[in-house]
2 protein chains.
Amino acid sequence: MNRILVVLLAFFSISVYSQNDEATLKAIYKQSLTNGQSYAWLDYLSNEIGGRLSGSENAQKAVEYTKAELEKLGLDKVWLQEVMVPKWVRGEKEEGEIILKSEGLTTKIDVNICALGGSTATGENGLQAKVVEVKSFEELAELGEDKVKGKIVFFNGAMQADLINTFEAYGGCSRQRYAGAYEASKFGAVGVIVRSLNLRQDDFPHTGSMGYLDLPENKRIPSAAISTNDANTLSELLEKNNNLEFYFKQSCQQYDDVLSYNVIGEITGSEFPDEYLVVGGHLDSWDLGDGSHDDGAGVVQSMEVLRLLKESGIKPKRSIRVVLFMNEENGLRGGRKYAEVAKAKGENHIFALESDSGGFTPRGFSFDCSDANLAQIEQWRSLFKPYLIHFFEKGYSGADIGPLKNDNIVLAGLRPDSQRYFDYHHASNDTFDAVNKRELELGAATMTSLVYLFDKYGVNQIQNARQLRD
Amino acid sequence: MNRILVVLLAFFSISVYSQNDEATLKAIYKQSLTNGQSYAWLDYLSNEIGGRLSGSENAQKAVEYTKAELEKLGLDKVWLQEVMVPKWVRGEKEEGEIILKSEGLTTKIDVNICALGGSTATGENGLQAKVVEVKSFEELAELGEDKVKGKIVFFNGAMQADLINTFEAYGGCSRQRYAGAYEASKFGAVGVIVRSLNLRQDDFPHTGSMGYLDLPENKRIPSAAISTNDANTLSELLEKNNNLEFYFKQSCQQYDDVLSYNVIGEITGSEFPDEYLVVGGHLDSWDLGDGSHDDGAGVVQSMEVLRLLKESGIKPKRSIRVVLFMNEENGLRGGRKYAEVAKAKGENHIFALESDSGGFTPRGFSFDCSDANLAQIEQWRSLFKPYLIHFFEKGYSGADIGPLKNDNIVLAGLRPDSQRYFDYHHASNDTFDAVNKRELELGAATMTSLVYLFDKYGVNQIQNARQLRD
């Protein structure tokens, strides 16, 4: 769509919402900021339950807690949806060391390390080997088996700091975490350590999923992350002494899949109960912190959407569901299961919104939808202006709702300010105190406002209006 | 200006900047985010110097440090501008207690308290009296001398949580802090305690300036702030027992004015050296924390503007000054002095930008200027879109640059995200760790970009262009 068309559309479509909508949004924001429930829910989820890795006892506690809380809201239905999830357990505290030998003297430097999710263990005695540093798979391939075999590969690609959207910077080097072991194993490496995906210089190692793909068991080498400070230290020491060795020990283990649940609540629509709108986040988290930003925030904001609709006296025309997905972090089983069941039942999902980018000040949404639907959303832009919500762009929505994608549905992702997200992502400092109450509540209100509009106007309003006009 | 005109202006003015400008902004942001200096400067200012109340030793250290750092940048001139400032000293640690007497038993509850800046002391034995709670000056006047005389007035007006711009919420109740003692004294109160101007519930008391205005010395009653948690506790206890007493002790003192300085650096313009653009923040801070957000952030961002211009190879046509103002917090002497000298010298200031709203993610600017100049700025809007800068509105600019106001100058204030600002404002937790490096750096780049555009195009470009077209 070119600029002229955008301007003209904006100009001719001023009245696609009503004054009543302005008042409704105002009431929603006020309720969230002055009488919100999201922060108290997050407090419990983070401080009473804590990290909620799929298959863990805490994940089960989170299922029970959120189901019980949804039941208090007076929704039309609340239920659990069974889903088998992988169970990976970190085991005892990991150890990491840089070992320098010089003139008969051995110096050991402690390193902040954590196993990547899905990794194998090192064995009881740990793993010690020389290190070869690379910043990309291309560099690794250039080195080849000659220089890699028997060594630990150190992936030190850093997130690109001059990208304004930090998720873009994350996307630029998350492959080294996910597939680093897979690629290094091909050249005979015995282990992999990865620079944490963090834009800040600090001492926190950041975990996250990795995968061995089709590698046979005996090629599955242990894989761990080290903090950004330690990555810099290691890189500097390697420049002076490429004979140094690295030692790490981890006792993580993959178990058989276990039964878990998506938690679902619904307000059934008064006019079009067979049209479904979904709002959700993921209930599981990594195990190092409390998963407050990732994705405790998205969970409580999604629950709050249904509470705010009820508290604001809104009676949805369409059926609105909150879905707390299990296992986003290391399997996406919950998202797949929800879509599979929805398809089997022939449920017509017209809109799905995910919050999984942290509980920071909301800036807007990214949409995975048709141009026509984006034009519809553009017309609501000025409704959001008083709340400083300005970002309405095409883009990625969310992992859990991705499996719902078809030609008609509008998929949306809440886009909070992203500057601080990777300071905490998958690390032990992703805790309740890193979440600001107002920022969280503004996100919940922003999500509720969009759900309200999609419920009221449906998803094809503009196309119909244009057809009428033409 | 009505909506149609705005749309048409936006439409016809697409090419009021060049592709070269896009590249320049990109270079500025990249330099700030990958090779910035602002965060290291702030580290020193916060952690090596600390709180910098006017007239203190630390304020003098900050003058010397920032002057020395500006001198390293290779500017055309760096100098100190003398200014006499008030000197108020907090004295030893304050004490506060709620005292409950019931059936011969006395219970004391410790309260987190701090003297307001400019307040008198309580005397060595402290001040103890019954408490009367009000939420506004109107409530106080209704109570009258009968119910107020001999008591401590407790101003418990809370910041309005449903205002999206937290500065608006601050403005709504900052009078109780500044003029609470003045108003209460009229009715014979012996002291004043004020609910901290903080949207969060926590234990930090927040200081800030207060004034006795024309009150005679013997009517100047001590005035202090208590934390939001303690304000709620006190209010709840008062409901049950309005005979409770409050005790506080503070030994603060006002001294004679002392000599201090504004710190100024200049890049002299190549084409129009007699047109001045100013960018600044205030070097003084309150004494409880390190003044990292208020206004260490604005100081280092303003210094960084000149460094980024030089590093980006920009040779300004006009003269660009960084001014680090002294004494914004409790006197505004630096801002007044700078304007006074500028006027006396007949310097033509065309633009001034202040950063004094914290080092958070920048959202845009507010402008105190003519409609025509705002229209000019609107035309640059899309240049800022890649950096998620979207807020360009008329409004308040900044306290220090306010005295420069005349009919022609454009005054601007950087507007960062405001949600967390009052969590830290004037409290002991306004420290370096509360500032995110990227958020600070984005602010510096955003300021530099606007200065670059005003330098390149001047302030009357649009008016001229329109005249040519007409």
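Using a probe radius of 1.4 Å on heavy atoms only, what accessible surface per residue do you get for the protein assembly as shown? Whole Å² is fine. If you can, show how the numbers build up before the last one.
Numbers: 37490 Å² over 940 residues.
That works out to 40 Å² per residue.
Averaged over A:340-348, how many beta carbons belonging to a partner chain fall within 10 Å of each residue's beta carbon? Write out the running numbers ahead of the final one.
On the way: counts 0, 0, 0, 0, 0, 0, 0, 0, 0.
Taking the mean over all residues of the peptide, I get 0.
Please work out the FRET efficiency for the pair B:V258 and B:E48, using the Cβ-Cβ distance as r and a Förster radius of 22 Å; give the result to the nearest 0.05.
Values: r = 22 Å, r/R0 = 1.01.
About 0.50, to the nearest 0.05.
In percent, what relative contact order does region A:91-251 have, based on Cα pairs under 8 Å that are 6 or more apart in sequence?
Working: 355 pairs, mean separation 60.7, N = 161.
Relative contact order for region A:91-251 comes out at 38 percent.
For the protein assembly as shown, what is the mean residue ellipticity at 222 nm derived from helices alone (per DSSP H run of n ≥ 4: -39500 (n - 2.57); sum divided by total residues; nearest 500 deg cm²/dmol)?
For the protein assembly as shown, the value works out to -11000 deg cm²/dmol.
Scan around A:V410 for amide H atoms under 5 Å from its own, H built in the peptide plane at 1.01 Å from N, and keep only partners 5 or more places away or cross-chain.
The answer is A:F351, A:A352.
Take B:R90, A:R336, A:R52 and sort them by solvent-accessible surface of the protein heavy atoms, 1.4 Å probe, largest at the top. Intermediate values should be presented prior to the final figure.
Numbers: B:R90 25, A:R336 130, A:R52 0 Å².
Solvent-accessible surface, decreasing: A:R336, B:R90, A:R52.
Please list the non-local residues whose amide H lies under 5 Å from the amide H of A:V279, H modeled 1.01 Å from N, same-chain partners needing a gap of 5 or more.
Here the answer is A:R321, A:V322, A:V323, A:L353, since their amide H atoms fall under 5 Å of that of A:V279.
Among all the lysines, which ones have a C-alpha under 17 Å from B:K108's C-alpha, if same-chain residues fewer than 8 places away are not counted?
The reachable lysines, counting only those whose Cα sits under 17 Å from B:K108, are B:K130, B:K240, B:K249.
Compute the label zone of A:R336 within region A:392-413: residues whose backbone N is under 17 Å from the point 7 Å along Cα-to-Cβ.
The answer is A:399-405, whose backbone nitrogens lie closer than 17 Å to the label point.
Which residues' amide hydrogens lie under 5 Å from the amide hydrogen of A:A224, considering only partners 5 or more residues apart or on another chain, with H built in the peptide plane?
Amide H neighbours of A:A224, under 5 Å, 5+ apart: A:L116, A:V192, A:I193, A:V194.
Between A:D371 and the same site in the other copies, what are the distances in nm, shortest first, taking label points 7 Å from Cα along the C-beta direction?
Label-point distances to the other copies, shortest first: 3.6 nm.
Which percent of the accessible area of region A:91-251 is formed by carbon and sulfur heavy atoms (probe 1.4 angstrom)? Don't skip to the answer; put the middle values down first.
Working: 3250 of 7410 Å².
Taking all protein chains in place, region A:91-251 shows 44 percent carbon and sulfur surface.
Please report the accessible area of B:M210 (heavy atoms, 1.4 Å probe, ligands and nucleic acids excluded) in Å², nearest 10.
B:M210 has an accessible surface of roughly 10 Å² with all protein chains in place.
Using only Cα atoms, locate the centre of region B:312-366 and the centre of region B:68-117, then give the distance between them in Å, rounded to an integer.
A separation of 25 Å, based on Cα centres.
Just reorder A:Y255, A:Y261 by solvent-accessible area, largest first, 1.4 Å probe, all chains present.
On the way: A:Y255 100, A:Y261 45 Å².
Result, largest first: A:Y255, A:Y261.
Return the loop-located GluC sites (Glu not before Pro) in region B:118-216 (DSSP other than H, G, I, E, B) with at most 13 other Cβ atoms within 10 Å of their own Cβ; answer none if there are none.
On the way: sites: B:E124, B:E133, B:E138, B:E139, B:E142, B:E145, B:E168, B:E183; in loops: B:E124.
Here the sparse-neighbourhood loop sites are B:E124.
What is the residue of chain B with the smallest Cβ distance to the axis taking B onto A, and what is that distance in whole Å?
Checking which Cβ lies nearest the axis yields B:H390, 2.
For region A:27-97, run through the GluC sites (Glu not before Pro) and keep only the ones in DSSP coil with at most 13 other Cβ atoms within 10 Å of their Cβ. It would help to have the intermediate numbers written out before the result.
Details: sites: A:E48, A:E57, A:E64, A:E69, A:E71, A:E82, A:E92, A:E94, A:E95, A:E97; in loops: A:E92, A:E94.
Within region A:27-97, the qualifying GluC sites (Glu not before Pro) (loop, at most 13 other Cβ atoms within 10 Å) are A:E92.
From the label point of A:T233, set 7 Å along Cα to the beta carbon, how far off in nm is each other copy's matching point, shortest first?
4.1
Between 0 and 90 degrees, rounded to the nearest ten: what's the tilt of helix A:437-457 against the longest Cα principal axis of chain A?
Here the helix axis deviates by roughly 50 degrees.
Report ³J(HN,Hα) in whole Hz for each residue of region B:404-416, in order, from the Karplus equation J = 6.51 cos²θ - 1.76 cosθ + 1.60 where θ = phi - 60°; Gly and Pro get x.
7, 4, 8, 6, 9, 6, 9, 9, 9, x, 5, 10, x
Go through A:C252, A:F272, A:H282 and say which Cα lies farthest out towards the positive end of the charge dipole of region A:235-286; charges sit on Cβ, +1 for Lys and Arg, -1 for Asp and Glu.
Of the candidates, A:C252 comes out farthest on the positive side.
Taking 30 Å² as the minimum loss, tell me which residues in region B:149-176 lose that much accessible area going from the chain by itself to the full protein complex (1.4 Å probe).
Buried by 30 Å² or more upon assembly, which counts only protein chains, are B:A161, B:D162, B:I164.
From the phi of every residue in region A:51-60, what ³J(HN,Hα) in whole Hz does the Karplus formula 6.51 cos²θ - 1.76 cosθ + 1.60 yield, where θ is phi - 60° and glycine or proline is x?
Taking θ as phi minus 60°, the curve returns x, 10, 5, 3, x, 8, 4, 4, 4, 5 Hz for region A:51-60.
Please work out the C-alpha center-to-center distance from region B:193-222 to region B:293-308 and express it in whole Å.
The two parts, judged by their Cα centres, are 29 Å apart.
Can you work out the Karplus-derived ³J(HN,Hα) for every residue in region A:352-361? Use 6.51 cos²θ - 1.76 cosθ + 1.60 with θ = phi - 60°, whole Hz, and x for glycine or proline.
Result, rounded to whole Hz: 9, 10, 10, 10, 8, 10, x, x, 8, 3.
Which one of A:F325, B:A434, A:T120 has its Cα pushed farthest toward the positive end of the charge dipole of the protein assembly as shown, where Lys and Arg give +1 and Asp and Glu give -1 at the Cβ?
Going by the charge dipole, the pick is A:F325.
Can you give the accessible area buried between chains A and B, summed over both chains, with a 1.4 Å probe, in Å² to the nearest 100?
Working: alone 20280 and 20260 Å², together 37490 Å².
In total, this chain pair buries about 3000 Å².
If I take every Cα pair under 8 Å that is 6 or more residues apart in chain A, average their sequence separation and divide by the length, what percent do I get for the relative contact order? Write out the running numbers ahead of the final one.
Details: 1074 pairs, mean separation 99.2, N = 470.
Reported as a whole number, the value is 21 percent.
Cα centroids of region B:150-181 and region A:381-422: how far apart, whole angstrom?
Going from one Cα centre to the other spans 36 Å.
Nm distances between the label at A:D407 and the same-position labels in the remaining copies, 7 Å along Cα→Cβ, shortest first?
6.4
The values are calculated or read from the model by the stated rules, or taken from the named source; none is laboratory data. Predicted model, so just to flag it, every value in this text is computed and none were measured. Because the Cβ atoms are built from the backbone with ideal geometry, glycine has one as well, and the counts that use them run over all protein chains shown. SASA here: full protein model, heavy atoms, side chains in, ligands and nucleic acids out. Shrake-Rupley method; radii C 1.70, N 1.55, O 1.52, S 1.80 Å.
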